[in-house]
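Working notes, beginning with the structure itself.
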Amino acid sequence: MENQSENLTEKVVNLAKRRGFVFAGSEIYGGFAGTYDWGPLGVALKNNVIKAWTDAMQDHTNIVFLDSSIFTSGKVWEASGHVSGFSDPLVICNSCHEKVRADHLLEGIGVTADEKLSEEAINALFDENRSKLKCPKCGANDFGQVRAKNLLATSNLGMFESDDAQVYLRGETAQGIFINYKNVLDSGFNSIPFGIAQIGKAFRNEISPRQFLFRKREFEQMEMQYFLKESEAMEAYESWKNERLNYYYKLGIKKDKLRLKPHENLVFYAKAACDIEYEYPFGWGELEGIHYRGNYDLSQHQKFSGVDMSYYDEETKERYIPHVIETSVGVDRTVFMALCDAYTEDTLGESTRIVLKLPPKLAPVICAVSPLLKNKPDLVVKAQEVFRVLKKEFGRVMWDDNGNIGKRYRRQDEIGTPWCIVIDFDTLGEEHPELKDTVTVRNRDTGNQERVAITDLISKIKENL
Ligand code: ATP
């Protein structure tokens, strides 16, 4: 019964709601497409994902962090090409008015349609295959023309009646990095090669936000732009590709569910690009993009702002606009991957159970501490002592005295807690003095229990982290 992919999305969505990881956005008002709210355990899991990425970036001594604003001058998005070219091919079903992505419909019948195709080209491809295409909602074979739908979300922040400049919510965090590249450089800590990393919300008017956390309209990105000289770029691109794939292996994600996929059609300025894909329940999907973007972005901002973006290399006495390698991954897609990868139904002893086999590094709760019986004050006092010590050390520790021990184990299995620690009568040394000040540590994946001295608990957990 290990990890069946059939209905896995549905199972993960149900578990996520039942246990307080993720809720549908605006649920009490019937929902709001493309938005989700993070519950208590979801926040913890998301923070662990962010911490893992931050730690990996901080392993590099030449990567610094930035937190740029969500709102920027509209000119940023004109310069970046998002106003004119950031679109998806939209087609509407004439029968039920469902809005669908034309490239996804074509891919569904095995026709590769790059999302970057011109409106004319995708219409031609669509017309060629029109007779075979069915609406995913009502099944009708009756679509209108394909048109490019811009994905930027607009706003009126700071706009008054007399203003005609358009304001956008950022469609990616990367542009905040490009427009601050000079500021960071001039702040004096960096010389090329160096990277700027940023974590933050991005917004896109996705045509059909589906597949749970995979395609949202409000989501979070972790992006890093690595600035360097052209002659070193291709080698750095190869090295980032390997580093980022290895990062997921080290995180404990199943290797056979990850792959590197080179882009078949590069955008005109890109020199090389690939995606790290994960095999989600609905098929392979982009988790992270690794792009060698030439120096297009900085050149565009130089052109539109009139600010010199060049770098003077003191050693070689050269002046140039740096080239950029980008790594860009969604927090939401990482969390969805972690949940799918960990979701398991198995049999333990006599009973079947749902267990999230999350890597301890990502688990929202590292360990739960319980008194065997909650109405025995001696057990409770001792358990609270242990709880306080572990909480101070690890932070992500849960007090759990709800229901009987079996129920507590099931609940902790479902939220992926690697270790449950139970304080029982032996801990008090009542019947077996030799077991005094030892506790039961139960392993989530095997269900095995061992006796560990309270004084060894911290080192034992650290060993396994
Ligand atoms: P897709 O082709 O799936 O729409 P993309 O190529 O447009 O993705 P990028 O612009 O490269 O995505 O964004 C970088 C990363 O941001 C993606 O690899 C993904 O992890 C995340 N991301 C992009 N769009 C969304 C979204 N709508 N919801 C959640 N995460 C997203």
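The values are calculated or read from the model by the stated rules, or taken from the named source; none is laboratory data. Because the structure is predicted, anything quoted here is derived from the model rather than measured. Every residue, glycine as well, gets a Cβ built from its backbone with ideal geometry; the counts of neighbours run over all protein chains shown. Just so you know, the surface numbers come from the protein's heavy atoms only, side chains and all, with ligands and any DNA or RNA stripped out. Shrake-Rupley method; radii C 1.70, N 1.55, O 1.52, S 1.80 Å.
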Based on the Cβ-Cβ distance of residue 314 and residue 61, what FRET efficiency does E = 1/(1 + (r/R0)^6) give at R0 = 22 Å, to the nearest 0.05? 0.70
Give me the one-decimal nm value for the distance between modelled label points at residue 246 and residue 160, 7 Å along each residue's Cα-to-Cβ direction. 5.6
Please give the length that would be gained between residue 464 and residue 35 if that part of the chain were fully extended, namely 0.36 nm times their separation in residues minus their C-alpha to C-alpha distance (nm, one decimal). 150.9 nm
Residue span residue 347 to residue 260: 0.36 nm per residue of separation minus Cα-Cα distance leaves a gain in nm of 27.9 nm
Do any chymotrypsin sites (Phe, Trp or Tyr not before Pro) in region 234-267 lie in a DSSP loop with no more than 15 other beta carbon atoms within 10 Å, and if so, which? none
Separation between the residue 147 and residue 17 pseudo-spin-labels, each 7 Å from Cα along Cα→Cβ, expressed in nm? 3.5
State, in angstrom, two size descriptors of the chain derived from its alpha carbons: Rg to one decimal place and Dmax to the nearest whole number. 25.9, 83
The chain: calculated mean residue ellipticity at 222 nm from DSSP helix runs of at least 4, using -39500 (n - 2.57): -10000 deg cm²/dmol
For the chain, give me every cysteine whose Cβ has no other Cys Cβ within less than 4.7 Å, ordered by residue number. 274, 340, 367, 420
Per residue convex hull volume, Cα atoms of region 89-150, in Å³: 68
Applying the Karplus parametrisation 6.51 cos²θ - 1.76 cosθ + 1.60 with θ = phi - 60° to the phi angles of region 194-201, what ³J(HN,Hα) value in whole Hz is obtained for each residue in order, glycine and proline being reported as x? 8, x, 10, 10, 8, 10, x, 6
Pseudo-spin-label distance residue 404 to residue 304, built 7 Å along Cα→Cβ, given in nm, is 6.5
So what is log10(I(q)/I(0)) for region 143-286 at q = 0.16, 0.19 1/Å, when the Debye sum runs over its Cα atoms only? -1.22, -1.47
How about residue 137: which lysines have a C-alpha closer than 16 Å to its C-alpha, ignoring those fewer than 8 places off in the same chain? 99
Could you please report the charge total around residue 432, scoring K, R as +1 and D, E as -1 over all other residues with beta-carbon less than 13 angstrom from its beta-carbon? -4
Enter the accessible area per residue of region 154-219 (Å², integer; probe 1.4 Å; all protein chains in place). 45
Accessible-area composition of region 89-150, carbon plus sulfur, in percent [1.4 Å probe]: 47
Which order, highest average first, do 335-341, 189-195, 135-141 follow once you tally other Cβ atoms within 10 Å for each residue and take the mean per peptide? 335-341, 189-195, 135-141
Net charge, residue 305 excluded, C-beta distance under 13 Å - Lys, Arg +1, Asp, Glu -1: 0
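Students sometimes get this wrong: rank 216, 257, 374 by accessible area, probe 1.4 Å, all chains present, largest first.
Descending accessible area places them as 374, 257, 216.
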Please report the relative contact order for region 19-112, taking Cα pairs under 8 Å with a sequence separation of at least 6, and give it as a percent rounded to a whole number. 13
Calculated Rg and Dmax of region 290-402 using C-alpha coordinates, Å: 26.6, 76
How would region 365-464 be classified by its alpha-carbon gyration tensor: rounded, prolate or oblate, with rounded meaning a/c under 1.5 and the a/b versus b/c comparison settling the rest? rounded
Quick one: check the C-alpha center-to-center distance for region 153-197 versus region 345-415, whole angstrom. 44
Relative contact order of the chain (C-alpha contacts under 8 Å, at least 6 apart) in percent is 14
Express the relative contact order of region 420-465 as a whole percentage, based on alpha carbon pairs under 8 Å and six or more residues apart in sequence. 28
May I ask you to give the solvent-accessible area per residue for region 89-150, in square angstrom, as obtained with a 1.4 angstrom probe? 55
